[in-house]
Structure formats: C-alpha cells, structure tokens
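Taking it in order: structure first as structure tokens, then the write-up.
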Amino acid sequence: MARLLALFPIRNILSEAAAVHRLAFVRILDPINGGRFHIPSGHIRVGNRINGGDMRIVSIGAVIRQAQVIPSCEKQ
C-alpha cells in the first residue's frame, strides 16, 4: 500500500533514444490492526511506516496497475 505524492517525467538527454520515463513518488504505508477491516468504515486502515524507508520512486505503470481509491484523513 502506498500514498501517491507526485507524478513526473524524466528524460535521459545523454541517450540517443532520449526516452522519457514516467515516474511516481510514493510513500509506502503499513496496515494498521494486522490488516483487518475497520468495521465502521469497511476499509483496511493504513498508516505511515515507523521504521523509516518509506519513500520510493516507481514507474507510473506500477501505480496504475495497483491503484485503489481510498479516503485519506491526515489527522488519523
């Protein structure tokens, strides 16, 4: 599970192909309460990682294949 923070392209201008890579900056999240459903909302709740190492740059394709729309509440 991850929270999408930004989308951006990178072009390798030193390559003859000059390919554009479309990337996403994400924060990896961990399930709360062992990944069990939160009864009132019917969702699995997630939170920030405690041990760090939670930021990643990945292909946009990886984000699109895994995308789920979930409510976000910054106060929880």
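Odds and ends about this structure:
- The sum of -39500 (n - 2.57) across all DSSP H runs of n ≥ 4, divided by the residue count of the chain, sets its helix-only mean residue ellipticity at 222 nm to -2500 deg cm²/dmol.
- Using the Cβ of Gly53 as centre and a radius below 13 Å, the other residues enclosed give a net charge of +1, where K and R count +1 and D and E count -1.
- Distribution of pairwise C-alpha distances over the chain, 10 Å bins, in %: 16, 40, 27, 11, 5, 1
- Packing-based order for 52-63, 34-45, using average beta carbon neighbours within 10 Å, highest first: 52-63, 34-45
- Simple Cβ-charge dipole of the chain, Lys/Arg +1 and Asp/Glu -1, about Cα centre, in debye nearest 20: 140 debye
- Seen from Ile28, the other residues with C-beta closer than 9 Å to its C-beta sum to a net charge of +2, counting Lys and Arg as +1 and Asp and Glu as -1.
- Annotation: the residues Leu7, Leu29, Leu14, sorted from fewest to most other C-beta atoms within 10 Å of their own C-beta, follow the order Leu14, Leu7, Leu29.
Rule-based calculations on the coordinates, nothing more; no lab input. What you see is a predicted model; the values in this text were computed from it and never measured. Every residue, glycine among them, receives a Cβ derived from its backbone with ideal geometry; neighbour counts consider all protein chains shown.
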